[in-house]
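Working notes, beginning with the structure itself.
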Amino acid sequence: MGTSTNWRGPRGATWNALRKSLGRLAGSLAAFEERRATTPEDIPSPRDPGSDRLPAQLAEPRAHRFRAALQQELMSHPEAFGIRDAALTGGARLVDTLSALIDDANAFGPPPPSWQASPSDWFMTVFVDRVAGDDNRIATAVVRRAATTAAERLISDPGSPTRSEQTAESRGLTMELFCLVYRYFLADVVAEFAKAVIAEQVVLAVPGLLLADPAGRIAELVGEQVAALIPDPCEQAETKHDTRRIDEFASDVLRDNVDRALGIPTEEMS
């Protein structure tokens, strides 16, 4: 996670239950492969590239278990792990950074003469630094990874003004792209935190299971589950008949959406 110490992950009853569930993965994975196989040759060996992904049937319940454990922890201790504060800070910086790109596609300016990489790499570097900051906390590293994914979405989108082939006269960021990046950024923060937690828990529970990439697969499903809970701010503003520019509206509902992503009840949910 970009830190100098080996993080051992969270502790407590709910997290111990998650670790036990992860500990059963080795046996569950073997049983799953045996049921799926029709001949001995169909059973993948531990080094078979086809066996390096955890089946959704095994990953999904553990994704739900992770979210339940995180929710219970944060309901009792909202400051736990620094993840809520980091998500709020990173989300506010994301809105500010995207707002600048709405106004000016070239808000980051050109790379300096000494820059040796591509313009896209320059955009990503500036974007991530603006959104994530530069301290070395675990939660900040999580936000940095989510910011990197957000930058990749911006760069790869066909209509993005950040693409290197666009001209200086290109229009700014569209509201649709703003809303897409905003929504998935919050989901990615939770997913990246899940990946960090689960990777450490797997090492503690079943060190030999890393070939099945349970951390990546479970975190992927966590991200999908969380993304389904985060409303599209463009649609949200339209429903509320809010006529402000979308970045102003998105900033106002950020706290509710961060809490929604983390499983903390909001006023709208109560």
Using θ = phi - 60° and Karplus 6.51 cos²θ - 1.76 cosθ + 1.60, couplings along region 121-127 (whole Hz; Gly, Pro as x): 5, 5, 4, 4, 4, 5, 4
Sequence of Glu176, Glu224 when ordered by accessible area, the most exposed leading, probe 1.4 angstrom: Glu176, Glu224
From the protein chains alone at 1.4 Å, what is the descending order of accessible area for Met124, Met75, largest first? Met75, Met124
May I ask you to list the GluC sites (Glu not before Pro) in region 227-270 that are in a DSSP loop and have at most 14 other Cβ atoms within 10 Å of their Cβ? Glu267, Glu268
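Of all chymotrypsin sites (Phe, Trp or Tyr not before Pro) in region 61-151, which ones are in loop regions per DSSP and have a Cβ with at most 12 other Cβ atoms within 10 Å? Before the final figure, lay out the partial values.
Details: sites: Phe66, Phe81, Phe108, Trp115, Trp122, Phe123, Phe127; in loops: Phe108, Trp115.
Sites meeting the loop and neighbour criteria: Trp115.
For Ile230, what is the net charge nearby, where nearby means another residue's Cβ is under 12 Å from its Cβ and Lys, Arg count +1, Asp, Glu -1? Write down the numbers at each step before the final one.
Details: positive: Arg183, Arg260; negative: Asp188, Glu224, Asp232, Glu235, Asp256, Asp259.
Local charge sum for Ile230: -4.
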Treating each Cα of region 77-141 as an identical point scatterer and ignoring solvent, apply the Debye formula and state log10 I(q)/I(0) at q = 0.20, 0.26, 0.30 Å⁻¹. -0.84, -1.09, -1.24
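May I ask you to derive the FRET efficiency for Asp96 and Ala56 from their Cβ-Cβ distance with R0 = 41 Å, giving the value to the nearest 0.05?
On the way: r = 37 Å, r/R0 = 0.90.
After rounding to 0.05, the efficiency reads 0.65.
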Where the centre of each part is set by its Cα atoms, how far does region 211-270 sit from region 77-134, in angstrom? 19 Å
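The values are calculated or read from the model by the stated rules, or taken from the named source; none is laboratory data. None of the values given here were measured: they were computed from a predicted structure. Note: ideal-geometry Cβ built from the backbone for every residue, glycine included; neighbour counts use all protein chains shown. SASA here: full protein model, heavy atoms, side chains in, ligands and nucleic acids out. Shrake-Rupley method; radii C 1.70, N 1.55, O 1.52, S 1.80 Å.
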